[in-house]
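First the structure, in the form of structure tokens, and then the observations on it.
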Amino acid sequence: MKVVVTFAVNAEFAPWRRLRNFRCVRSSAPAWWEYSAADLHVRAVVTGMGEQLAREAAEAALVDGADVCVSSGVAGGLKPGQRTGDILVAQVVAKEQEQVAIASDPELLALAAECGARQAARFVSVPEIVTRAADKLILGERADAVEMESLAVLGAAARRGVPAVAIRAIADTADFDLPFDFSAMRGASGEARVSRVLAALAMRPQRLPALMRLARDCRRASQGLAAFLDAYAGCIAERYKGAKTELMATI
């Protein structure tokens, strides 16, 4: 069972990388790591932020085949009552202000819910990071979480006939204003450049508490996501093994 799991940035993947003995297979962007255990082989791909990078990275990672694709990472919450660290699995991922949407595979969706994820009606994929709580409130009228890559990843998987699912951990909640526009701080690899963050902080040092809170919440969300994905990948392998055994028994 080969499972491809995508993340936008290294910080989202780091807790899982530390949890398992992943080996770096490709260091240039898009970078990816792999590990195998029994009937399971996982390829974790860091795509970079944004639709284009996510699409290109997913297509590259899927070119030699996969049984399942999981778009993962952290997301912004859009609903009151959501908490940092909540794991959501989307029934549908849609594009902002367009009639473009892709559904998660029903079996993968149901299995994620069995593993403890909360089913969400819709994720919305946007071109830039949503920084203001007021804007999240508007998006929350039609979606449960906001992110940037899942629609592109699920689209790449669909073109290759690979079942896919979108899973996200809530980092910043609906009522939280991000301290900076991190979209403007991205480098060529799609990661926010530390030098640009520090430069912005030097100009607005009063935003340091909000930046520290965001860093803490993203770390907490990524740690919870790692634990979930580790269990979920194992469940996928077990489900696939069981289905294969049943098929062989009928032959």
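For R168, the criteria (1) of a type in the set (K, R); (2) in contact with a Lys or Arg (Cβ under 9 Å, 6 or more places away or on another chain); (3) touching a residue at least 24 places away in the same chain (Cβ under 8 Å) hold in every case but one, which is (2).
For the range 122-166, a residue qualifies if it is more than 19 Å from P80 (Cα to Cα), among the β-branched types (V, I, T) and part of a strand (DSSP E or B), and exactly one does: V165.
Given the options G65, G48, name the one that is of a type outside the set (A, V, I, L, M), part of a loop (DSSP other than H, G, I, E, B) and closer than 17 Å to S150 by Cα.
G48
Among the residues of the range 18-46, those identified as under 19 Å from R219 (Cα atoms) and modelled with pLDDT of 95 or more are A44, V45, V46.
One line per residue, one yes/no per condition, for (1) modelled with pLDDT under 85; (2) within 25 Å of I170 (Cβ to Cβ); (3) surrounded by 13 or more Cβ atoms within 10 Å (Cβ to Cβ):
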{"residue": "G190", "(1), (2), (3)": "yes, yes, yes"}
{"residue": "L198", "(1), (2), (3)": "yes, no, no"}
{"residue": "L201", "(1), (2), (3)": "yes, yes, yes"}
{"residue": "G224", "(1), (2), (3)": "no, yes, yes"}
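Hey, can you tell me all the residues within the range 27-66 that are aromatic (F, W, Y) and more than 16 Å from the chain's Cα centre (by Cα)? Scanning the range 27-66 gives a single hit, Y35.
Going residue by residue through the range 84-103, is there one that turns out to be free of Cβ contacts under 8 Å to residues at least 12 places away in the same chain, farther than 18 Å from S183 by Cβ and part of a loop (DSSP other than H, G, I, E, B)? Within the range 84-103, one or more residues are free of Cβ contacts under 8 Å to residues at least 12 places away in the same chain, farther than 18 Å from S183 by Cβ and part of a loop (DSSP other than H, G, I, E, B).
Selection of first residues in the range 6-31 that are free of Cβ contacts under 8 Å to residues at least 12 places away in the same chain and loosely packed, with under 15 Cβ neighbours inside 10 Å and of second residues that are part of a strand (DSSP E or B) and among the acidic types (D, E), restricted to Cβ pairs under 9 Å at least 6 apart or on distinct chains, gives the following pairs, ordered by first then second residue: C24/E34. Here are A237, A184: which of them is more than 17 Å from the chain's Cα centre (by Cα), surrounded by fewer than 19 Cβ atoms within 10 Å (Cβ to Cβ) and not polar (S, T, N, Q)? From the options A237, A184, the qualifying one is A184. Taken together, the residues in the range 1-26 that are among the aliphatic types (A, V, I, L, M) and either assigned to a loop (DSSP other than H, G, I, E, B) or over 17 Å from the mean Cα position of the chain (by Cα) (or both) amount to 5.
Determine whether A44 is touching a strand residue (DSSP E or B) at 6+ places or on another chain (Cβ under 8 Å), in contact (Cβ under 8 Å) with a residue 24 or more places away in the chain and hydrophobic (A, V, I, L, M, F, W, C).
Taking the combined requirement at face value, the residue satisfies it.
Going through (1) more than 22 Å from A58 (Cβ to Cβ); (2) modelled with pLDDT under 95 one by one, D217 falls short only on (2).
The values are calculated or read from the model by the stated rules, or taken from the named source; none is laboratory data. Quick caveat, the model's predicted, so the values are computed rather than measured. Heads up, the Cβs are rebuilt from the backbone with ideal geometry, glycines too, and the neighbour counts pull from every protein chain shown.
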